[in-house]
Amino acid sequence: MQKLDQCNIIFDFNDASGDMKSKEIKRLALHELLDYVAQNRQVISEPMYPRVVEMFAKNLFRPIPPPMNPQGEAFDPEEDEPVLEVAWPHIQVVYEFFLRFIESPDFNTNFAKQYIDHGFVLQLLELFDSEDPRERDFLKTTLHRIYGKFLNLRSFIRRSINNVFFQFIYETERFNGIAELLEILGSIINGFALPLKEEHKLFLTRVLIPLHKVKSLSMYHPQLAYCIVQFLEKDAALTEEVVLGLLRYWPKVNSTKEVMFLNEVEDIFEVMDPAEFAKVQEPLFNQLAKSVASPHFQVAERALYFWNNEYFCNLVSDNVDVILPIMFAPLYENSKGHWNRTIHGMVYNAMKLFMEVNPQLFDECSHEYTEQQNNAEAIKQNRQAKWDRLAALAEQMKSGANGITAGGAGGIVAPAVQRPSTSRGNSSVGSPLREGDGDPLSQESSRRMEQLRLQDDQRGGGGGSGRKDQAVR
């Protein structure tokens with residue numbers, strides 16, 4: 001008990017030369033406690049529980065300062081080196097002692113649960129924001145042991161971890177211990193009983209899938225993908241929701257992130273049921289087609305690596321009627337036009353698989369693609385001709401507008417409409433126009449505008465007359 005009290009004294013390690021002798025005495029005392037619990041039996045008595053928890057709390061529960069660089073740009077966890085805990089020589093031994101204490105055969109949960117409670121768990125979770133990866137690793141083990149020992153805390157621990165994730169996803173996008181918390185959850189998910197509770201399914205859809213949208217995904221993606229796969233192994237019916245969720249958050253311009261998504265999709269393929277694959281094949285391969293066609297060679301290469309996966313190829317072969325029409329165009333275009341030679345060989349292997357599985361469908365897709373390419377130039381020329389006609393029409397109307405003159409006492413009248421000479425002679429500009437008297441310019445405008453509207457029902461001269469009447473008025 002005296003050793004425990006002795007270890008409650010906290011030293012300032014920011015001053016490396018201060019209290020060196022006292023720091024060493026405390027370190028030795030901590031090691032003595034560790035050896036005492038590890039090597040002896042029947043030594044953990046009921047009065048020890050509050051003293052041990054108190055010693056743990058005094059040494060470890062402390063405010064975690066926000067990460068910052070002394071100068072220059074803001075702290076980036078992906079680029080900058082973490083700041084290590086200066087008091088680690090003491091903190092490490094405290095963690096080791098507490099773990100030995102909990103794991104001891106003499107440990108009694110009934111005695112400990114009044115001290116290791118909700119408040120203790122919340123303070124433990126706050127420490128996961130530590131920059132020191134050594135501390136986060138000990139925290140991961142400690143929280144997992146508490147989850148296993150204290151059945152009364154399990155639901156609270158899961159909810160508290162969810163709250164950390166919610167704050168990370170929707171507010172701060174900054175928390176150092178996301179990977180470690182996901183590691184704990186991967187082990188917890190593995191132990192879920194079947195059928196899955198609604199609470200657990202909501203955790204998948206509201207927490208794990210939205211975690212893909214955070215920009216620092218690379219810091220925890222392997223652990224996140226493992227949790228997703230664990231869920232799908234438990235319940236294959238969740239496949240559609242997971243895949244559509246990934247497609248919803250699929251990166252558009254971040255190639256590194258897109259490669260991570262492709263890695264995860266291949267992991268999902270490994271546990272995907274054929275019946276579930278049929279539900280998601282169309283939206284999934286529409287996205288894979290875009291990835292294959294990507295000018296970024298790492299994205300295209302990673303997508304084409306799918307064709308080296310035997311189970312993936314079997315799924316594709318069974319559903320080639322749907323998949324080949326989606327994939328043919330990007331594969332064929334990459335085989336001819338991609339700048340990276342490695343991609344050419346990988347595209348050839350993918351197309352070879354399709355040719356072997358269904359040569360007739362492959363020929364049909366090839367013929368259809370050729371027709372589309374042959375018609376593409378004609379469509380382009382036709383579109384350009386329409387724009388040229390529209391530009392000419394606009395120029396004619398602009399020239400006509402320049403002829404507006406001032407009349408009367410400053411009144412504005414429309415320019416005289418140029419008509420072919422008729423037996424009636426020249427009529428006054430202001431004379432009313434009868435229906436059907438449309439001028440050639442207005443009639444040509446109506447005709448051209450109708451062509452630009454994909455040549456819908458041909459209208460008569462009424463449209464032109466209406467336009468002219470409006471101009472004259």
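Points worth noting:
- The set of residues from the stretch 264-277 being surrounded by 15 or more Cβ atoms within 10 Å (Cβ to Cβ) and not in a loop (DSSP other than H, G, I, E, B) comprises Glu264, Val265, Glu266, Asp267, Ile268, Phe269, Glu276, Phe277.
- Check on Val253, within 15 Å of the chain's Cα centre (by Cα) and more than 29 Å from Asn190 (Cα to Cα): yes
- Single match in Ile116, Ile157 (criterion: at pLDDT 95 or above, over 25 Å from the mean Cα position of the chain (by Cα) and either assigned to a helix (DSSP H, G or I) or β-branched (Val, Ile, Thr) (or both)): Ile157
- Residue within the stretch 232-246 that is over 11 Å from the mean Cα position of the chain (by Cα), buried (at least 20 other Cβ atoms within 10 Å of the Cβ) and within 22 Å of Arg174 (Cα to Cα) present: no
- Unmet criterion (only one of (1) over 28 Å from Gln114 (Cα atoms); (2) within 28 Å of the chain's Cα centre (by Cα); (3) at pLDDT below 95) for Ala179: (3)
- Residue in the stretch 52-60 that is of a type in the set (S, T, N, Q), out of contact with any Ser or Thr (no Cβ under 6 Å at 6 or more places or on another chain), modelled with pLDDT of 70 or more and surrounded by 13 or more Cβ atoms within 10 Å (Cβ to Cβ) present: yes
- The number of residues in the stretch 102-148 that are crowded, with 18+ Cβ neighbours inside 10 Å and among the basic types (Lys, Arg) comes to 2.
- Within the option set Ile184, Ile161, Ile157, being surrounded by 15 or more Cβ atoms within 10 Å (Cβ to Cβ), within 19 Å of Gln230 (Cα to Cα) and without any contact (Cβ under 8 Å) to a residue 40 or more places away in the chain holds for one residue only, Ile161.
- Of all residues in the stretch 284-304 being of a type outside the set (A, V, I, L, M, F, W, C) and surrounded by 15 or more Cβ atoms within 10 Å (Cβ to Cβ), the one that is farthest from Asn340 (Cα to Cα): Gln287
The values are calculated or read from the model by the stated rules, or taken from the named source; none is laboratory data. Quick caveat: nothing in here was measured; it's all calculated off a predicted structure. Glycine gets a Cβ as well: all are built from the backbone with ideal geometry, and neighbour counts include every protein chain shown.
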